[in-house]
């Protein structure tokens with residue numbers, strides 16, 4: 001909350017004897033003000049970080065880059081503007097020449113953003129994170145039934161910062177793209193920043209459906225990063241959805257770096273953008289749409305025109321993703337959960353854990369570069 005918000009709040013508190021309608025008016029203005037405030041990530045004490053990483057000048061600069069990316073996405077506004085803020089960061093990192101934008105679906109105002117970094121072989125590694133956010137409220141629920149068609153009209157007003165879900169994942173992937181572009185790697189790396197994840201995984205479903213058999217068959221594995229770097233929670237591998245060999249390798253890399261990495265599970269009925277890569281077909285794709293969009297599943301979608309496809313995936317998320325508030329919020333359509341509401345706040349982002357997850361994935365892909373192919 002910036003100083004103007006603080007002054008308005010103080011004015012309301014001091015003048016408690018204002019008429020009720022006047023107080024309601026000022027509270028309404030305060031809420032709108034808070035949505036438009038410039039939100040800042042709370043810095044950590046870098047000397048207290050875990051592991052063997054150490055903090056050189058270059059690494060502190062990387063942390064600042066990660067923080068700035070999170071802040072710019074959070075402060076962008078609605079989901080379309082979040083996408084534009086990502087394109088600005090891509091330009092900052094001199095990655096524009098490697099970047100393309102693709103449409104998602106006939107009803108979607110959001111776009112997928114793809115950074116394609118070519119290597120020496122024809123094998124591909126996907127790095128995936130979604131950039132859109134959502135609130136659990138009746139209006140967004142109606143939008144979901146219509147496959148997100150109302151999103152441009154309502155996403156600016158969401159109480160969620162969309163910081164941990166999922167500006168942090170995007171920040172890590174953009175930093176990885178910057179680092180990979182300066183390497184001479186064997187594999188091709190595709191950094192896919194998807195929109196409309198919160199409208200039924202439509203961004204990733206659409207992208208996978210469009211991939212030719214020859215391209216999809218060259219995918220070695222897919223790394224998905226969704227809800228990461230949360231204060232007072234471990235970064236985790238979702239072992240119930242991830243390939244066991246990839247999971248084991250990630251723990252080895254974490255141990256070598258001295259980074260704490262937990263073993264978590266993707267909650268029942270939850271899903272993320274690893275799913276279309278892991279396994280898809282017309283039946284599975286329609287089923288996912290039915291699960292998240294209900295009647296919206298019966299509206300035609302690009303992703304329905306797909307063949308059977310599957311590859312290996314690994315999903316990184318924070319441990320203990322949801323709590324009782326998430327279940328209450330889902331049942332009553334009020335944004336009181338740890339995700340999809342006001343509790344998803346930029347102040348919950350732990351910059352050290354964010355940096356450590358970046359380091360973990362970077363060293364993870366470097367390790368696989370030295371191994372024989374997984375399949």
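Nothing in this text is a laboratory measurement; each read-out follows from the coordinates by a stated rule. As the structure is a prediction and not an experimental result, all values here were calculated from the model. When we count neighbours, we look across all protein chains shown, and the Cβ atoms used for this are built from the backbone with ideal geometry, even at glycine.
Mind checking the full-extension length gain between residue 299 and residue 232? Use 0.36 nm per residue of separation minus the Cα-Cα distance, one decimal, nm.
On the way: separation 67, 0.36 × 67 = 24.12 nm, distance 4.13 nm.
Additional length available on full extension: 20.0 nm.
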Over the chain, what relative contact order in percent results from Cα pairs under 8 Å that are six or more residues apart?
22 percent
The range 208-227 scanned against label point 7 Å out from residue 308 along Cα→C-beta; backbone N under 16 Å for 213, 217
Gain in span if fully extended, residue 60 to residue 324, counting 0.36 nm per residue against the direct Cα distance:
91.4 nm
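Quick one: which of 294-304, 133-143 comes out on top by average Cβ neighbours within 10 Å, and what's the full order, highest first? Present the calculation step by step, with values, prior to reporting the outcome.
Details: 294-304: 16.4, 133-143: 20.1.
Highest mean packing first, the order is 133-143, 294-304.
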Along the Cα-to-C-beta direction of residue 268, a point sits 7 Å from the Cα; which residues of the range 231-262 have their amide N less than 20 Å from that point?
238-242
Using only the alpha-carbon atoms of the range 184-309, report the extent along each of the three principal axes, biggest first, to the nearest angstrom.
48, 36, 22
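Just the number, please: Stokes-Einstein D of the range 234-375 in µm²/s, Kirkwood Rh from C-alpha pairs, 37 °C, 0.692 mPa s.
Details: Rh = 17.3 Å.
Here the translational diffusion coefficient equals 189 µm²/s.
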Taking 7 Å along the Cα-to-C-beta vector as the label spot, tell me the residue 184-residue 217 distance in nanometres, rounded to one decimal.
3.1 nm
Inter-label distance for residue 283 and residue 106, nm, one decimal - labels placed 7 Å from Cα along Cα-to-Cβ
2.5 nm
At residue 87 and residue 42, where each label point lies 7 Å from the Cα along Cα→Cβ, what is the point-to-point distance in nanometres?
3.5 nm
Stokes-Einstein diffusion coefficient of the range 146-193, Kirkwood radius over Cα pairs, 25 °C, 0.890 mPa s, in µm²/s:
183 µm²/s
Can you give the FRET efficiency for residue 334 and residue 121, using 1/(1 + (r/R0)^6), R0 = 56 Å, r = Cβ-Cβ distance, to the nearest 0.05?
0.65
